[in-house]
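The values are calculated or read from the model by the stated rules, or taken from the named source; none is laboratory data. Quantities reported herein were computed from a predicted structural model and do not represent experimental measurements. Virtual Cβ from ideal backbone geometry, glycine too; neighbours counted across all protein chains shown.
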Amino acid sequence: MNHPFLDIPWTFWGALCVIIGMVYTLLWPRAVKGVQRSRLQHLVIRWFHSIVWYLLAAACFIRTNPENNTLSNKLALLGLLFYLIFIGTLIYERYQLRKNKNI
């Protein structure tokens with residue numbers, strides 16, 4: 001059975017995720033002084049957080065059909081993977097910043 005999360009329909013959660021994704025698409029972390037980003041780091045920091053929210057939105061919208069729960073779960077896990085990569089990249093960037101300040 002497909003139960004809404006906190007008794008709020010999945011379409012609401014999906015719409016909320018789209019709105020948050022749009023915010024992160026427009027407002028993203030700028031370059032930090034003292035740290036040079038590679039193209040891959042820039043790509044990850046610029047887009048991955050937005051992609052996470054869009055994947056979660058897709059998972060919520062797909063979950064409205066109980067037959068597609070497996071696909072919904074896979075999209076949510078893919079969002080988790082993108083989020084972990086994003087967080088790892090941010091941590092690495094902060095590490096580089098501290099390392100450069102100690103030189």
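A single entry from Asn65, Asn69 fulfils the requirement of being surrounded by fewer than 19 Cβ atoms within 10 Å (Cβ to Cβ) and either within 23 Å of Ile19 (Cβ to Cβ) or free of Cβ contacts under 8 Å to residues at least 60 places away in the same chain (or both): Asn65.
Cβ-Cβ contacts under 7 Å between residues 6 or more apart (or on different chains), taken from a first residue in the range 34-60 that is at positive phi to a second residue that is polar (S, T, N, Q), are listed as Gly34/Asn100.
The single condition from (1) at pLDDT 85 or above; (2) surrounded by 15 or more Cβ atoms within 10 Å (Cβ to Cβ); (3) within 30 Å of Arg98 (Cα to Cα) that Leu40 fails is (2).
Going by the conditions given, is Pro29 under 26 Å from Trp10 (Cβ atoms) and modelled with pLDDT under 85? No: the conditions fail for Pro29. Residue under question is Leu55, and the condition is that it be at pLDDT 90 or above and within 18 Å of Trp28 (Cα to Cα); does it hold? For Leu55, the condition - at pLDDT 90 or above and within 18 Å of Trp28 (Cα to Cα) - is met. Candidates are the residues of the range 7-26 that are under 15 Å from Leu56 (Cβ atoms) and modelled with pLDDT under 85; the one that is surrounded by the fewest Cβ atoms within 10 Å (Cβ to Cβ) is Ile8. Residues that are out of contact with any helix residue (DSSP H, G or I) (no Cβ under 7 Å at 6 or more places or on another chain), outside any helix (DSSP H, G or I) and closer than 23 Å to Trp10 by Cβ within the range 46-103 comprise just one, Asn65.
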